[in-house]
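Below: one structure, written as structure tokens.
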């Protein structure tokens, strides 16, 4: 009978805002493409790391922001991705771009398997289980039986790749573009995902698991797959990070890295994909800035800055950007 | 046991549920014929919501069986119940509060559409088509229940009565053959209750759905139900047409809090 109800009109309001949004995206992409030609090499390196962090934060956001599962263990996935890439290049001379999918798949499998028992844990208990993973990872990487592959405490040093096809780019510029390319793909995929039936199922589980189950959503399947996909994102970030920094060592991947990603997630906005770029920039630049204010108390200054930010912007950058867009739209209509 | 054709859509057979020694349901049996509106009444703690939770597989009965379309639902995991054709609303609202009205209703249609993780991430043409047709279906339901004005709004910020209606819309989106309504009138004002009884009748007429409704609002139950089942202390104490159940001595004593018989 419902078929006989007249077809409702899809609101027209969406159309211009969609064009506006795409225009904004293209403009931002153009800026991102021009940036490495106008700034210093070291800043290019830092911007590349912002992108790397952004990919990892998107991964965490898919899990925590969209699916409601907490993780303090994403440093472990980042480490796994980084080591897989480093070992492949070091031991079997893998070309660096080919390490990314391998690292991603390895982390997906590991994350999915970790997600299965984690299904029984909720909220703070899941946070504790993932915390254990984060704490164990650097120690496992240092184990002497694994030293042949992991390099033990020393880690692995990687060569910095040159720009291919004789492109007139510095190594830093080339790595920036390579990372930007991967970042754009990963961002678009994440955006597609959260706007789809799968994304709605993920958010339904976050908002009300009982109702989600009654709507026919297979909670175990979506939760464990989301865990895997989240680990995949973070693992690819780890692999890129290893290539960019040219070095992996156990103590780069402590529990503190998990917290860094979590800070980036909250600062950027939980449940908002573009927030990862704000979050990535924050966790990369603000600690340095804090150190420039006070060397001795940089940690405290950083802490105060986080508190101030949360106080002013409780929903992170997402709240600020949304409010700005709303004001812009209201202005246009007038 | 020889297979026998039955005319009932739902058959509840001798169902018992207990929580750590406390008996919530005991020996409850009844049948629902297709196309009926059946009221489920009883004082607080009578076991009405427990029964609903068994029907949607959130609880598993300790004994007895529940047949839907002549096959037991107890062998099915909870997430397959919607696909079988049993939809429900919840007593205290169980909406996805951070999502829009349309998203909530689309999630209601989850079991009637297909996609997978990878195709969704790649935004493949076939998932786009599935998404468009799901969206269209949901928008029809939105119009059907008069929710057009709030379609893009976040559910959590809507008034209570509107949220209840969104929940109803979400349940309809799964194209149920059996619709379980848990206290649909609870918290609604007089006009909203009037409108609700018209909507429930309209849904039955338009959508070919059987409706089981738990309700404390006697005026509503008695006016819309073809049949009423009364529970008290986890047992069925009466079943029949509303006028008869209303006069049943056990029902009256259950509601007036007189001695348990």
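Read-outs: derived from the displayed coordinates by stated rules, not from any lab. This is a predicted model, so every value here is computed, not measured. Heads up, the Cβs are rebuilt from the backbone with ideal geometry, glycines too, and the neighbour counts pull from every protein chain shown.
Quick notes
- Peptide B:110-121 has a mean of 6 when you count, residue by residue, the C-beta atoms of other protein chains within 10 Å of its C-beta.
- Measure of compaction for segment B:139-233 (Cα Rg per 2.2 N^0.38 Å): 1.09
- Between the alpha-carbon centres of segment A:137-206 and segment A:299-318 there is a gap of 27 Å.
- Average partner coverage of B:75-85, which counts Cβ from other chains inside 10 Å: 3
- Report summary: the helix-based calculation at 222 nm, which adds -39500 (n - 2.57) for every DSSP H run with n ≥ 4 and divides by the residues of chain B, gives -11000 deg cm²/dmol.
- Equivalent ellipsoid semi-axes - Cα gyration tensor, the protein assembly as shown, angstrom: 54, 27, 21
- With neighbours defined as other Cβ atoms within 10 Å of a residue's Cβ, the residues A:285, A:70 order from fewest to most as A:285, A:70.
- Proportion of all alpha-carbon pairs of chain A beyond 34 Å (%): 28 percent
- Least to most buried among A:91, B:236, B:48 (fewest other Cβ within 10 Å first): A:91, B:236, B:48
- Measuring nothing but how far apart in sequence close Cα pairs (under 8 Å, 6+ apart) lie, relative to its length, chain A scores a relative contact order of 31 percent.
- Computed [θ] at 222 nm, deg cm²/dmol, chain A (DSSP H ≥ 4; -39,500 (n - 2.57); rounded to nearest 500): -24500 deg cm²/dmol
- Residue order, fewest to most surrounding Cβ atoms within 10 angstrom, among B:31, B:103: B:31, B:103
- What the Kirkwood sum gives for segment B:10-256 is a hydrodynamic radius of 18.9 Å, with every pair of different alpha carbons counted.
- Inter-part distance where segment B:25-90 and segment B:192-261 are each reduced to a Cα centre, Å: 16 Å
- Averaged over peptide B:144-154, the number of partner chain Cβ atoms lying within 10 Å of each residue's Cβ comes to 1.
- Longest to shortest principal axis, alpha-carbon extents of segment A:177-334, angstrom: 55, 50, 34
- Averaging the sequence gap over all C-alpha pairs within less than 8 Å and six or more residues apart, then dividing by the number of residues, gives chain B a relative contact order of 27 percent.
- Global form of segment B:1-143, assessed from the alpha-carbon gyration tensor, a/c cut-off 1.5: prolate
- Kirkwood Rh in Å, taken over all unlike Cα pairs in segment A:23-119: 15.7 Å
- Comparing A:243, A:185, A:57 in a Gaussian network model of chain A where C-alpha atoms under 10 Å apart are linked, the largest mean-square fluctuation is found at A:185.
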